[in-house]
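Structure first, commentary second.
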Amino acid sequence: MASVRFERVTKQYENGYVAVKDLNLDICDREFLVLVGPSGCGKTTSLRMLAGLESITSGHIYIDDRRVSDLPPKDRDIAMVFQSYALYPHMSVFENMAFSLELQGVPKADIQQRVKQAATQLGIDTLLDRKPKQLSGGQRQRVAVGRAIVRNPSAFLMDEPLSNLDAKLRVQARAELNKLHKRLGTTFIYVTHDQVEAMTMGSRIAIMNQGILQQIDTPQTIYEQP
Ligand code: ADP
Ligand code: ADP
């Protein structure tokens, strides 16, 4: 559970390119916000700055009024699912899901229990001994989600998490993510370049273009515009 605030955040890469310009964005506790815009408009950069994977050139980011811009990723209580899933290929599904909890020093019995519970919720509890290469695309996507939710993060970031699925699975996974959001009651921030996808998910949509936040509103209001 967390609110997130970007305050005049700018990112200029080392080569001089300004990927995000003066971003002001308030995301409420438990909100499901979709960040949408064409490829290259600065969506991934914004998520990576929030997660602490990319430095900020100027401005600040707050989580629950705590300034996190200077904190390392592990102290931000945030989990992120990447487009490529980034599963560890040599580890089983169980080990993939348990890894971050082991790093945090969570006791073994708790890890067992939390991984089993998350895996059951996602319908992957029979796959725990498999390696990623023995899974379908849809199953890998669930493992990536599972690996993030076992940590009980206060904010859950997703960067085009469904783009590697076929159209039918994508529709199903969208509905499941909406349900998962309701069940977890955690702040979700979801990045996509797909406007249709943006309209079917989330409670508010933030539209970005060329590094600038252009509009932020409910899907209904954005739809109704002439
Ligand atoms: P999106 O997620 O919306 O596709 P990104 O945040 O990945 O956009 O990228 C925004 C812009 O910044 C793009 O033009 C991209 O080429 C550029 N960019 C991304 N990473 C770097 C980097 N490390 N160095 C220079 N430019 C980069
Ligand atoms: P149902 O959809 O009938 O609830 P499932 O076994 O398909 O049963 O999924 C159980 C729950 O796990 C869903 O309600 C959803 O919250 C979550 N879930 C399943 N698959 C995914 C997925 N691919 N991505 C995110 N959440 C998922």
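Is at least one residue of region 113-128 more than 30 Å from residue 42 (Cβ to Cβ), out of contact with any Phe, Trp or Tyr (no Cβ under 8 Å at 6 or more places or on another chain), modelled with pLDDT under 95 and assigned to a loop (DSSP other than H, G, I, E, B)?
yes
Per-residue answers, yes or no, for (1) away from ligand 1 (no atom under 16 Å from the Cβ); (2) within 30 Å of residue 165 (Cα to Cα); (3) of a type in the set (Lys, Arg); (4) more than 18 Å from the chain's Cα centre (by Cα):
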residue	(1), (2), (3), (4)
27	yes, yes, no, no
30	yes, yes, yes, no
46	no, yes, no, no
56	no, no, no, yes
73	yes, yes, no, no
83	no, yes, no, no
97	yes, yes, no, no
109	yes, no, no, yes
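Checking residue 162 against (1) over 18 Å from the mean Cα position of the chain (by Cα); (2) within 12 Å of ligand 2 (Cβ to nearest atom), only one condition comes out false. Which one?
(1)
What strands (runs of 3 or more DSSP E) completely inside region 132-226 contain at least 3 residues that are touching a helix residue (DSSP H, G or I) at 6+ places or on another chain (Cβ under 7 Å)? Lay out the reasoning, then the answer.
Details: elements: 155-159, 187-192, 204-209, 212-217.
Here the list reads 155-159, 187-192.
Any residue in region 110-127 that is among the polar types (S, T, N, Q) and more than 24 Å from residue 173 (Cα to Cα)?
We begin by selecting, within region 110-127, every residue among the polar types (S, T, N, Q); these are 112-113, 117, 120-121, 126.
Right, trim to more than 24 Å from residue 173 (Cα to Cα) and you get 112-113.
Checking region 110-127: at least one residue is among the polar types (S, T, N, Q) and more than 24 Å from residue 173 (Cα to Cα).
In region 113-137, how many are surrounded by 13 or more Cβ atoms within 10 Å (Cβ to Cβ) and more than 23 Å from residue 179 (Cβ to Cβ)?
Of the residues in region 113-137, 3 are surrounded by 13 or more Cβ atoms within 10 Å (Cβ to Cβ) and more than 23 Å from residue 179 (Cβ to Cβ).
Here is a check on your reading of the model: is residue 195 farther than 22 Å from residue 63 by Cα, modelled with pLDDT under 95 and open to solvent by 10 Å² or more (accessible area, probe 1.4 Å)? Before the answer, list the steps.
Details: farther than 22 Å from residue 63 by Cα: yes; modelled with pLDDT under 95: yes; open to solvent by 10 Å² or more (accessible area, probe 1.4 Å): yes.
Yes, satisfied.
Considering only residues that are away from ligand 1 (no atom under 16 Å from the Cβ) and surrounded by fewer than 18 Cβ atoms within 10 Å (Cβ to Cβ), look in region 149-169 and name the one that is farthest from residue 50 (Cα to Cα). Talk me through it step by step, then tell me what you get.
At the first step, the residues of region 149-169 found to be away from ligand 1 (no atom under 16 Å from the Cβ) are 149-156, 165-169.
Now restrict to residues that are surrounded by fewer than 18 Cβ atoms within 10 Å (Cβ to Cβ): 152, 166-169.
Numbers: 152: 17, 166: 29, 167: 29, 168: 31, 169: 29 Å.
Only one residue tops the list, namely 168.
I'd like to check which strands (runs of 3 or more DSSP E) are fully inside region 8-70 and have at least 1 residues that are acidic (Asp, Glu) and open to solvent by 10 Å² or more (accessible area, probe 1.4 Å). Spell out the reasoning first.
Values: elements: 18-27, 32-36, 58-63.
Once the strands (runs of 3 or more DSSP E) in region 8-70 are filtered for at least 1 residues that are acidic (Asp, Glu) and open to solvent by 10 Å² or more (accessible area, probe 1.4 Å), what remains is 18-27.
The values are calculated or read from the model by the stated rules, or taken from the named source; none is laboratory data. Here the structure is a predicted model, which is why all the values come from computation and not from measurement. With ideal geometry, Cβ positions are generated from the backbone for all residues, glycine too; neighbour counts draw on all protein chains shown. Just so you know, the surface numbers come from the protein's heavy atoms only, side chains and all, with ligands and any DNA or RNA stripped out. Shrake-Rupley method; radii C 1.70, N 1.55, O 1.52, S 1.80 Å.
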